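**Q** Let me begin by handing over the structure; questions about it come next.
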Amino acid sequence: MSWIYLLVAGLFEVAWAVGLKSTHGFTRPLPSLFLGGAMLASVGLLSLAVRDLPIGTAYAVWTGIGTLGAAAFGMVFLGEPAGAARLGCIALIAAGIAGLKLLPA
């Protein structure tokens, strides 16, 4: 169950990272409220996950999901660059996350 908490926490991290841009420096109330809710959900679920997972692994996976998700969102929906070198670096992050999940603790 801890891995599920961690996965959902990572998805909420993607939501708040992407949503940060829409707050316009916290001057727009609705996006700012959404952002705050996503942040609370993300950290709350992370705290549940670390009850059973090592903190280093959980934190790395959590931030990795956020990094991968925000980068993918930016490339697909915001027209950010998706060159071979950038995609290769993102693949290295994904490999690190998979290694932390699949290799014995």
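**Q** Taking the stretch 73-89 as the search range and keeping residues that are closer than 17 Å to V18 by Cα and in a helix (DSSP H, G or I), which one is nearest to the chain's Cα centre (by Cα)?
**A** F73
**Q** While we're here: Within the stretch 21-40, can one find any residue that is β-branched (V, I, T), in a helix (DSSP H, G or I) and open to solvent by less than 90 Å² (accessible area, probe 1.4 Å)?
**A** Looking for residues that are β-branched (V, I, T), in a helix (DSSP H, G or I) and open to solvent by less than 90 Å² (accessible area, probe 1.4 Å), one finds none in the stretch 21-40, hence no.
**Q** Take S47 and decide whether it is among the hydroxyl-bearing types (S, T, Y), open to solvent by less than 70 Å² (accessible area, probe 1.4 Å), in a helix (DSSP H, G or I) and farther than 18 Å from L6 by Cα.
**A** Taking the combined requirement at face value, the residue does not satisfy it.
**Q** Quick one: how many residues across the stretch 17-44 are under 13 Å from W62 (Cα atoms) and modelled with pLDDT under 95?
**A** Adding up the residues that qualify gives 1.
The values are calculated or read from the model by the stated rules, or taken from the named source; none is laboratory data. In this text, all values refer to a predicted model and were calculated from it rather than measured experimentally. The area values use the complete protein model at the heavy-atom level, side chains included, leaving out ligands, DNA and RNA. Shrake-Rupley method; radii C 1.70, N 1.55, O 1.52, S 1.80 Å.
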